[in-house]
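Student: This is the structure, below, for whatever I ask next.
No value in this document is a laboratory result; all are computed from the given coordinates. Because the structure is predicted, anything quoted here is derived from the model rather than measured. Methodologically, a virtual Cβ is constructed for each residue, glycine included, from the backbone with ideal geometry; neighbour enumeration extends over all protein chains shown.
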Amino acid sequence: MALGGTMLEQIAGQNQAPDAIFVCNDDLAQGALLQAHRLGIAVPERVAIAGFNDLPGSDLMIPPLTTVHTPLDKIGEASATMLLKLIRGEAVDTPSLDLGYRLVLRQSA
């Protein structure tokens, strides 16, 4: 989370600050959102912030964090199934799976 705040501070100090920031996970996005608040940067008016993976607490941020929801339970189950097959020497049917995602629009973007 702290790294997200550090990244936002570096980005905000640039001559041409971005209109929006999409962060690779909600931990970093939450840190960026908190740092924006500390620096007096209006979210989403001055900069929109969005994260990825819809972690618990993202909906409790001020403003609530826009994010991409991924089915972590399905990802964990599929990963464990593949790993067990590999341990048993069995072939893995599909080396990659599309388990879907959903955009969760909240007030940060």
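Student: If you compute P(r) over Cα pairs in 5 Å bins from 0, in percent for the structure shown, which of (i) 2, 11, 17, 17, 12, 9, 7, 6, 5, 5, 4, 3, 1, 0; (ii) 2, 13, 25, 26, 21, 10, 3, 1; (iii) 2, 12, 21, 18, 12, 9, 9, 7, 5, 3, 1, 0 do you land on?
Tutor: Identified label for the calculated read-out: (iii).
Student: When you count, for each residue, the other Cβ atoms within 10 Å and take the mean per peptide, how do 21-32, 5-16, 53-64 rank with the highest first?
Tutor: Going by the mean number of other Cβ atoms within 10 Å, highest first, we get 21-32, 53-64, 5-16.
Student: So what is the calculated 222 nm ellipticity per residue for the chain, using -39500 (n - 2.57) for each DSSP H run with n of 4 or more, over all residues, to the nearest 500 deg cm²/dmol?
Tutor: -12000 deg cm²/dmol
Student: Then there's this: Please go through segment 51-101 and write out the trypsin sites (Lys or Arg not before Pro) that DSSP classes as loop and that have at most 16 other C-beta atoms within 10 Å.
Tutor: Here the trypsin sites (Lys or Arg not before Pro) that fit, given the DSSP loop and packing criteria, are 88.
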